[in-house]
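The structure under discussion appears below in the form of structure tokens.
The values are calculated or read from the model by the stated rules, or taken from the named source; none is laboratory data. None of these values were measured; they are calculated from a predicted model. Counting neighbours? That spans all protein chains shown, and the Cβs are built from the backbone with ideal geometry, glycine included. Accessible surface areas use protein heavy atoms only, side chains included; no ligands, DNA or RNA. Shrake-Rupley method; radii C 1.70, N 1.55, O 1.52, S 1.80 Å.
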Amino acid sequence: MKKNRRDSGQFWDRRSKVYDAQVIPEYKSAYKKTVKRSAHFLNKEDRVLEIGCGTGNATIPLAGCVKEITAIDTSREMMDRAKEKAEKAGRTNIHFIKKNLMDLEAKAGSYDAVTAYNVLLYMKNQEEVLKRIHKLLKPGGIFLSATDCLAGNFSPGAVGKFWKSKFGLMPYVSFESPIGLMRKIQKQGFLVLEIVNLHQNPPNIFIVAQKVEKR
């Protein structure tokens, strides 16, 4: 069981074959809202880091709003699908790298914005991740996140993830409340500018946070 939990890359490699077919029908509206709201906080000169780009459902449309995107993911298969979409869309300003955030070689203050769409849910080391994001952002930089918050949620999808994660059939799943997640982000030196729910059940919480220097 523990091996399956650790090897999240292989899990998402397998999921890549059916990911869009299974997820997009339910979350299509949420993805559109994520892109629209994110674009409001981005500009044409921005250098962006996207954590867990997956199949590129947010990456591709947002590439038209910024100077360049460094898109990372631990799943080669997910990234290959994202690359195909980028090529078809003619997006040449996306640099795909198979890498874990904690292993990414980048200097402090390298990015104007960091995005993490539907990935914090699967990160057991959320506080370390948020700390790293804060470090990689320029002063005043923007962190954009959208992720399901499953605390107290008893939808079939949430219940299924609980049991699959518990028995090692999928990687770690966080059962966080929107307020709990917001407080974790604030604790790492961010000022939360916006928090809104983009999906009814389970709640998909979109958060915009700005880097402020810790005192």
Q: Using amide H atoms built 1.01 Å from N in the peptide plane, name the residues 5+ places from LEU49, or on other chains, whose amide H lies under 5 Å from its own.
A: THR70, ALA113, VAL114, THR115
**Q.** Global size of the stretch 80-147 as Cα Rg and Dmax, reported in angstrom
**A.** 13.3, 36
Q. Between the stretch 145-173 and the stretch 119-143, what's the alpha-carbon centroid distance in Å?
A. 21 Å
Q) Considering only DSSP beta bridges with both partners in the chain, what is the antiparallel share in %, to the nearest 5? A) 40 percent
Q | Mean Cβ neighbour count within 10 Å, used as a protection proxy, ranking 177-189, 17-29, 115-127 highest first | A | 115-127, 177-189, 17-29
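What is the extension gain from GLN210 to VAL196, computed as 0.36 nm multiplied by their sequence separation minus the C-alpha to C-alpha distance, in nm to one decimal? Mind dumping the intermediate values first?
On the way: separation 14, 0.36 × 14 = 5.04 nm, distance 1.56 nm.
That works out to 3.5 nm of additional length.
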(Q) Cut-off under 13 Å on the C-alpha distance; same-chain residues fewer than 8 positions from LYS187 excluded. Which aspartates and glutamates are left, in chain and number order? (A) GLU127, GLU128, GLU213
Q) Helix-derived [θ] at 222 nm for the chain: sum -39500 (n - 2.57) over DSSP H runs of at least 4, divide by residue count, nearest 500? A) -12000 deg cm²/dmol
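Filter the cross-link list LYS98/LYS135; LYS36/LYS211; LYS17/LYS138; LYS17/LYS211 down to pairs whose alpha-carbon distance in this structure exceeds 26 Å. Don't skip to the end; give the middle numbers.
On the way: LYS98/LYS135 20 Å; LYS36/LYS211 21 Å; LYS17/LYS138 36 Å; LYS17/LYS211 36 Å.
Among LYS98/LYS135; LYS36/LYS211; LYS17/LYS138; LYS17/LYS211, the Cα-Cα distance tops 26 Å for LYS17/LYS138; LYS17/LYS211.
Report, to the nearest whole %, how much of the accessible area of the stretch 118-182 belongs to carbon and sulfur atoms, 1.4 Å probe, protein only.
Values: 1840 of 2870 Å².
For the stretch 118-182, the apolar C and S fraction of the accessible surface comes to 64 percent.
Leaving out ligands and nucleic acids, note down the accessible area per residue over the stretch 112-194 with a 1.4 angstrom probe, in whole Å². The partial results should precede the final answer.
Details: 3630 Å² over 83 residues.
Result: 44 Å² per residue.
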**Q.** Cα-based convex hull, the chain, per residue volume (Å³, whole number)
**A.** 112 Å³
Q. With each pseudo-label sitting 7 Å past Cα toward Cβ, what's the ALA21-LYS107 distance in nm, one decimal?
A. 4.6 nm
(Q) Just to compare against my own numbers: the Cα pair-distance distribution for the stretch 1-129, 5 Å bins, whole % per bin, please. (A) 2, 10, 20, 25, 22, 14, 6, 2, 0, 0
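Multiplying the sequence separation of ARG14 and ILE179 by 0.36 nm and subtracting their Cα-Cα distance, what value in nm do you get?
Working: separation 165, 0.36 × 165 = 59.40 nm, distance 3.23 nm.
In short, 56.2 nm is gained.
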Q: Give the share of C-alpha pairs in each 5 angstrom bin for the stretch 119-215, from 0 to the last occupied bin, in whole percents, shortest bins first.
A: 3, 14, 23, 23, 16, 11, 7, 3, 0
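Taking Cα pairs under 8 Å and at least six residues apart, what relative contact order does the chain come out at, in percent?
Details: 401 pairs, mean separation 44.9, N = 215.
It rounds to 21 percent for the chain.
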